[in-house]
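Below: the structure, in structure tokens.
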Amino acid sequence: MLGEYRIEGRRASEIAASVERAVGAGELQPGEVLPPLRELAVYLEVNPNTVASAYRTLRDRGVIETAGRRGSRVRPRPASTSREALRVEAPPGVREVSDGNPDPALLPSLEDALAEAAARSARRPTLYGAPAVDDDLEALARAAFVRDGVPEAPIAVTSGSLDAIERVLAVHLRPGDTVAVEDPGWGSLLDLIPALGLRPAPVAVDDEGPVPERLARVLQEGARAVVITDRAQNPTGAAVGRARATELRGLLADHPDVLLVEDDHGHGIVDVPLHPLSGVTDHWVLVRSTAKAYGPDLRLAVLTGDAVTLDRVRGRQRLGPGWVSHLLQNTVAHLWRTAVIDPKRVAGAYDRRRDALIRSLAERGVRSRGRSGMNVWVPVPDETGAVARLLHSGWAVAPGARFRMQSPPGIRITVSGLTDDDIEPVADAVAAATGVGEARRYE
């Protein structure tokens, strides 16, 4: 049975363990079909209900999936290497424009905020039993959400956006559930979903965000959750506008049982308005990270959402890390309260660099995208070749494979570190690397 491997066991737990051992050892390969439960029951001389229970356990653990009449099969394994490993290391003399980092010159000094947080801790130390969320931070976060049209709801704090999204997905979904994701989209999220035993379903993205027709199809096919980036979408820079938000809200209203996760990581670095989708489904969250506006090492995100979801997230958090350090929470509260950064100035700086690069590429016949944020997405016919040629020209760009599932090839260029003098050389290099420059020379 199943070639050389024989499933063993008399109890459901033993049968499930036998299959799991084989998958872990590589003796059962991803995609391999398991025997029909009645056939396996006869072979093992057990009740079919025993095999059914074993298969149910394996599905819940994300080891197998059921494909209707095609039977049960071993699930594809999560990638053993994260998409972040699909990067080009910039050797000496090569400029790094692939990392997605903010411009350090646009980040505020944390010195005063950290000093105040330390002084406050000295006056009133945070001990076991204290509230998980600092009162000042909660009030500031809630007021900001309400100003942006997000329904007033509970607040939680996590160690960054990905931590928040992982916790939200984990408290609602089971292994094997499908999550609609943007394609191209955030590589770390595309890694996280299969790592949780979930199935990513790609949804195409244009400059206004997820394409409604593609999202509608995925929802009709049974997606249990959807993750949408409101602004500064990574890697394309898409931003959900008013008309698109209305379309998406209408779509989601027809699927109230779908979990909606909105990622607003661009808060503080973009100057396009937020058009939230929150509140149209029974379970929803909106997550804001401090990483891009205040620095990646300030590991903090605030999220708001329906009471059931937030209660589950905070309850599970209590059993793990307990809470996010109040030193960090007080630091962020100080930064927000004193308005140490001007979002319009920061957004303007990124906008000028991004728009200048897009214009220069267009002048050379190269199509590109980047409505908001700090990245420009350039479709290319040969991703590997383009990355290699750009590296040879002195520019390390991010290969699109880090962000893609079914979408066409591309490269991502982070504009954070570019100066006015860099724009033309980058555009020239991209045109040459994609073959556009060569073609224009012979026109």
Residue list for segment 239-267, filter: outside any strand (DSSP E or B), in contact with a Lys or Arg (Cβ under 7 Å, 6 or more places away or on another chain) and over 14 Å from Thr229 (Cα atoms): Val258
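Return the residues of segment 23-36 that are free of Cβ contacts under 8 Å to residues at least 24 places away in the same chain and either surrounded by 13 or more Cβ atoms within 10 Å (Cβ to Cβ) or of a type in the set (Val, Ile, Thr) (or both); say none if nothing qualifies. Give the steps one after another, and end with the answer.
First pass over segment 23-36, keeping only residues free of Cβ contacts under 8 Å to residues at least 24 places away in the same chain: 24-27.
Glu27, the sole residue that qualifies.
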Close pairs from segment 398-412: first closer than 15 Å to Glu89 by Cα, partner modelled with pLDDT of 95 or more and among the charged types (D, E, K, R), Cβ under 6 Å, at least 6 apart: Ala398/Arg412
Candidate set from segment 271-312 (those that are within 18 Å of the chain's Cα centre (by Cα) and among the hydroxyl-bearing types (Ser, Thr, Tyr)); member that is nearest to Val150 (Cα to Cα): Ser278
Out of Val285, Val280, Val302, sole residue that is surrounded by fewer than 23 Cβ atoms within 10 Å (Cβ to Cβ), in contact with a helix residue (DSSP H, G or I) (Cβ under 8 Å, 6 or more places away or on another chain) and modelled with pLDDT of 95 or more: Val280
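Every residue, every condition in (1) in a loop (DSSP other than H, G, I, E, B); (2) outside the structural domain of Gly320 (by TED's automatic domain parsing); (3) under 22 Å from Asn330 (Cβ atoms), yes or no:
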| position | (1), (2), (3) |
| --- | --- |
| Leu140 | no, no, yes |
| Phe145 | no, no, yes |
| Gly149 | yes, no, no |
| Ala153 | yes, no, no |
| Val171 | no, no, no |
| Val179 | no, no, no |
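Step by step: first the residues of segment 158-185, then only those that are among the hydrophobic types (A, V, I, L, M, F, W, C) and touching a Lys or Arg at 6+ places or on another chain (Cβ under 8 Å), then the one that is surrounded by the fewest Cβ atoms within 10 Å (Cβ to Cβ). Which residue is that? Steps first, answer last, please.
First pass over segment 158-185, keeping only residues among the hydrophobic types (A, V, I, L, M, F, W, C): 162, 164-165, 168-171, 173, 179-181.
Pick out the ones that are also touching a Lys or Arg at 6+ places or on another chain (Cβ under 8 Å) and you get 170-171, 173, 179.
Values: Ala170: 15, Val171: 19, Leu173: 19, Val179: 25.
Looking at residues that are among the hydrophobic types (A, V, I, L, M, F, W, C) and touching a Lys or Arg at 6+ places or on another chain (Cβ under 8 Å), I get Ala170.
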Filter pass, Ser188 being touching a residue at least 40 places away in the same chain (Cβ under 8 Å), touching a helix residue (DSSP H, G or I) at 6+ places or on another chain (Cβ under 7 Å), more than 29 Å from Asn375 (Cα to Cα) and surrounded by fewer than 22 Cβ atoms within 10 Å (Cβ to Cβ): no
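Filter segment 105-127 down to residues that are in a helix (DSSP H, G or I) and touching a residue at least 12 places away in the same chain (Cβ under 8 Å), then give me how many there are. Spell out how you get there, then give the answer.
Residues of segment 105-127 in a helix (DSSP H, G or I): 105-106, 111-123.
Okay, now just the ones that are also touching a residue at least 12 places away in the same chain (Cβ under 8 Å), so 106, 112-114, 116-118, 120-121.
Final tally of qualifying residues: 9.
The values are calculated or read from the model by the stated rules, or taken from the named source; none is laboratory data. Treat the numbers as computed from the prediction; the structure is a model and nothing was measured. For neighbour counting, all protein chains shown are included, and Cβ atoms are generated from backbone atoms with ideal geometry for every residue, glycine included.
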